[in-house]
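Notes to accompany the following structure.
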Amino acid sequence: MLLLHAEFLRRATLDTELVQALREDYTKAPISDQDRAMLDYVVKLTKDATRCSCADHDRLPEAGFDDRGILQITLIASWFNYINRVADALGVGRDMLEGAETVGASEMKPRSTDPAS
């Protein structure tokens, strides 16, 4: 999925070097302190949300985010985590990645809703 997200970001920003830097190590990428604080939080949330603490939440207002912004970051990151897991479980997009040998969503057949089948 990382490749798909990186490609989306490349198309949105038209900045191949930034996207490559983010893929290699976002902590060393040329981004603002605010973006880095947001990504630090999102990475922690993604790896293990139970480890997010008050200290993590306190860093976000220090970086310039208000309560609404913090909620939006949390909701969006959580939604992406959820939907990526659903897609991974169903094999969606795997056929688009190099070397993928799994069945893609376009090849999956919907389950019949007819009780007789």
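Just so it is clear, none of the values below were taken in a lab; they were calculated from the coordinates. Computed from a predicted structure; not experimentally measured. As a convention, Cβ positions derive from the backbone with ideal geometry for all residues, glycine included, and neighbour counts pool all protein chains shown.
Subtracting the Cα-Cα distance of Ala6 and Thr27 from their residue separation scaled by 0.36 nm leaves 6.0 nm. Computed over neighbours whose Cβ is under 15 Å from that of Ala29, the net charge equals -3, Lys and Arg +1, Asp and Glu -1. Dividing the Cα radius of gyration of region 32-97 by its Kirkwood radius returns 1.07 for Rg/Rh.
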